[in-house]
Structures are given as C-alpha cells and as structure tokens.
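Heads up: the structure comes next, in structure tokens.
Each reported figure results from applying straightforward, stated rules to the coordinates on display, with no laboratory input. Keep in mind the model is a prediction, meaning the values are calculated, not measured. With ideal geometry, Cβ positions are generated from the backbone for all residues, glycine too; neighbour counts draw on all protein chains shown.
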Amino acid sequence: MTTDTQARPARPPGASPAPTGRWWALVVLAMAQLMVVLDATIVNIALPTAQADLAFSDADRQWVVTGYALAFGSLLLLGGRLSDFFGRKRMFLIGLVGFALASALGGAADGLEMLIVARALQGAFGAALAPAALSLLSTTFTEPAERGKAFGIFGAISGAGGAVGLLLGGVLTEYASWRWCLYVNLVIAAVAVAGALTKLSDEPVRNRARIDIPGVITAVVGLVGLVFGLGKAETDGWTSAVTLVPIIGGVVVLIAFVLIELRVPHPLLPLRVVLDRNRGGSYAAIGIAGAGMFGIFLFLTYYLVGNLGFTPVQTGLAFLPMLGAIMLSATTAGSMLTPRVGPRPLVPAGALIASAGMVFLTRLDIDSTYASGVLPGLLIIGLGLGLVFAPTQNAATSGVEHGDAGVASAMINTVQQIGGSIGTALLSSFAATAATNYATSHARSPQVALEASLASYHTVFWWSAGLFLACAVVSALLFRTGPLDVDPDAPRAMAH
C-alpha cells in the first residue's frame, strides 16, 4: 500500500491516509510541534549572549520573550479558525515557511528592534502552525487505539519540548552562536515542509463560513491585554498601573468576546467546543499545569546555574531524565490506557504525581547534589506530566466536528500560553517576595544571599505543587468517566 498522496487520486474526500502514511504524518506533525514548543525556552538560554552582542538593556530584554508570547497567545484562535476555513494542510505549510523565515530574520538581527520584530513574526506564524498541526493529528487518527498512541507521542513532545529547548539552546550558544538558536528552525522546517508535501493529506473544506470579525478583534485585543499585563506583573509588580490596566482591560474585552460569540451566526469560537465537559476539563487542566510547569523550567534552572554552578549545556542535560520520564509515561500508560479508561483517572493521577515531585524538590538545600536532590524529583515530575499531556490533548480534540477541529486545537495552545504567562508572573512575584523577606529578617552575609535564593525556590516549588494539586482536583471533577467520544465525522468518512 503506497503512502504517496500523489499516487492515490482515487482516495475519497475525508478518508484518512494509509496506516503507514498516518505514522509518517505523525513524524511531520511532531517535528513542527517540537519547533514551536522548544522556541519558548531555546531563546531564553541564548538571551544573555544576544544581549551582550547587540548591547540592549535588561528592561528591553523581556521584549524578546514578550514579543513572541503576545503574538502567539493572541492570534491562536484566529489561526485555528483559518485552518478550518482555508484547509489545515495549507495553514500548516504557511505556518512552517513563515516561522522559518521569521527565524532567519531573527538570526540575522543587527539590533534589538529587528530581533523583537522577528520574534513577533515567529509568534504569529506559530499561531497558524500549532493549531493546524494538532487538528491534522486529530482528523488523521480517528480509531481510538491508534489515536491513543499518536496523542501519547505528540503529548510527550509537547511536554518535553521545553527541556529539549534548554539543552539545544545551551549546546548551540556554547559551541556555535546564539544566532543558531534561531537558525536551527530553518533545518527543522525544511524537513517538515518536505514531509508535509509528501505525507500529509487533508479533507476538503466543506463549509467556508464568513470570518467573525468582531470576535477576532475582541479575542486579539483581550488576549494581548492579558498577556501584556501578566508580563508587566513580573517586572513592575502587581499593583502598578501598567500591570493592572491591561489585565483588567483584557478581562473586560474577553467577556465582551464571549457575549459576541453567543450572538453571531458563525462564531470564531463556537461555545459548544468549550462547554463539552471533556474538552472543558482538558483546557482547564492544561492551563493550570502550564502555570505549574514554570516552577520547574524557570526556577530549577536558576538553582542549577546559581547553586550547583552548572553551565548552559550541563543545565540542558540535567533536564534530560525528566524528558525521558515524560516520553515513557505518555507513550505507554498515556497511550495504552486513554482509549480504554478515558482521561478521568489518568490526568488527576499524573497531576498528583507531578505535585509529589515538586514537594520532593522543596527539600533542596545549599549542600544538595544533583543526583540525590534534583534527579529523583525530575523523574517523578516527568512521569506525572506524561499522564497529563497525552490524555488532555487527546480529549481536547475528541468528539469535535472536523469543521471545528482547528479552533478546538487552538484553544489548548491558548490556555497553555495564558497558563504559562500567569505562572511566570505569579511565581516570579512569590519568589521575589520570599527572597526579600528572608534577606531582611537575617543578618547580611554571603551565606544569607544563597539562603534567600533557596527560600525563594522553595516557595515556588510549594506553589507549583499546589497548582498541580489544583489540576488534579479540577480534572477529577470535570472529566467524564469512561472512554473518549468517537470522532463524530469518522462514520461519514468511512461510509464514502
């Protein structure tokens, strides 16, 4: 049986590619997902070197990160809807090529402004790419057992991409140049484009409705306000006007967005997508887990570098065991059990395991070693996160009509982005407060500075443990018992 779409002109509309073709499609989609996910952390490792090279201030530095987050977070819903309207494969290719070109622009940047523009363009094209990839996965794998395996692998990559970014960023910055942290996307995108052209198939667009312009405007403005305000909370504090005004304005505009979606004939985000218990549960779980994850990547990185004296490469390598644990639990328990029992027992169990791993990390002290203090916690957290990511991404797109697959996929990326922004802002402010309180209540000495930073990490790890615990409770309450819904469009596709 051939997998070449060109050789099978007789395949009926809506039919899935051949079995071997489906797994090749998964490889292509996973590569694209990896590129988007690792870009969130790979540039963070390169930033200090880029800052020294391009001579910009600490205050300006945050815009390299914020530019990407603002464009990505605010445009995801539009990107998801465009893939439903104009074809998922088409938007996937546009996103890949655009992301690669934006990365080339960033790699060649000769100043801060050019780098920020490139990062914003990366975010915009990433917002087209990420929902298209997840919705293509959802419509390609419709048989429950195969779907479980595919989402297990895809979920593992989503959860582990941040750790891959840390390692790759460290290696490229140390042995090549910070610019290669952006240029590397050209290599990944080139392979993914070639794979997409030969291995991906898509259904014809059945109902091309009008774009909901009021919904697009309110979604983009509301999400920009929210993400921008949360970014400012990290640097300016929660009580400053530059934080509160955008956050309050963003929330108000998002409420207006929901009211618009209830009234327009062709909404940007049909509320039936969100109000399903399994999909709503998956969005809530991934948002809360996204907030908790920043306690691992951000503050454990600070501990490894500041307290254990790790280099960027050693820091990246230190996260590899967690990556392995995520891959193991997502591709075994996550993929084999989800088709049988559904997400309700798995996601709460995974979140509780991740919470226990965070509690373990609160035992770290000045004399801790990586092998005894950090490694066991990372392994426990990884095993838990694999059980969170694979079933939630599967549930987020299960039972949704194919015409809504893009926007359903966009929602999971949106809530993860917002959760990450909230987590970064909250945990950073908690850490700063804990460090200040410790330093002011103890006599000043070199040892106290180390102990104050350690107190801030402990505070963050406890809060992250609490967030994962909240994820477990919310998941247990929201998810339905039993296997996920069958793909509603699968019988129609099979009947052709």
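Show that you can apply the helix-only estimate: for the chain, add -39,500 (n - 2.57) for every DSSP H stretch of four or more residues, divide by all residues, and state [θ] at 222 nm to the nearest 500.
-27500 deg cm²/dmol
At 7 Å along Cα-to-Cβ for each site, give me the label-to-label distance between Ile217 and Leu275 in nm.
According to this spin-label approximation, the distance is 2.6 nm.
Just to confirm the filter: which trypsin sites (Lys or Arg not before Pro) across the range 109-181 are DSSP coil and have at most 15 other Cβ within 10 angstrom of their Cβ?
none
When only Cα pairs under 8 Å and 6 or more residues apart are kept, what is the percent relative contact order across the chain?
Taking the mean separation of contacting Cα pairs over the length of the chain, I get 23 percent.
Sequence neighbours fewer than 8 away in the same chain don't count; with that in mind, list the aspartates and glutamates whose C-alpha is under 20 Å from Lys89.
The qualifying aspartates and glutamates are Asp4, Asp202, Glu203, Glu401, Asp404, Asp487, Asp489.
Once you sort the root eigenvalues of the Cα gyration tensor of the range 332-390 as a ≥ b ≥ c, which label holds: rounded (a/c under 1.5), prolate (a/b larger than b/c) or oblate (the other case)?
Prolate, because a/c is 1.5 or more and a/b exceeds b/c.
Helix 343-361: angle to the longest alpha-carbon principal axis of the chain, degrees 0 to 90, nearest 10?
Once rounded, the angle reads 20 degrees.
What is the angle, in °, between the Cα long axis of helix 213-236 and the longest principal axis of the Cα atoms in the chain? Nearest 10 is fine, range 0 to 90.
20 degrees
Semi-axes of the equivalent ellipsoid for the chain, please: Cα gyration tensor eigenvalues, times 5, square-rooted, ordered largest first, whole Å.
Taking √(5λ) for each eigenvalue gives 36, 24, 23 Å, largest first.
Shape verdict for the range 308-427, please, from the Cα gyration tensor: rounded (a/c under 1.5), prolate (a/b greater than b/c) or oblate.
Cα axes put the range 308-427 in the prolate bin.
Pop out the Kirkwood hydrodynamic radius of the range 212-267 from its pairwise C-alpha distances, inverse of mean 1/r, in Å to one decimal.
11.5 Å is the Kirkwood radius here.
Hey, what angle do you get for helix 112-140 against the long axis of the chain, alpha-carbon based, 0 to 90 degrees rounded to 10?
Helix 112-140 sits roughly 40 degrees off the main axis of the chain.
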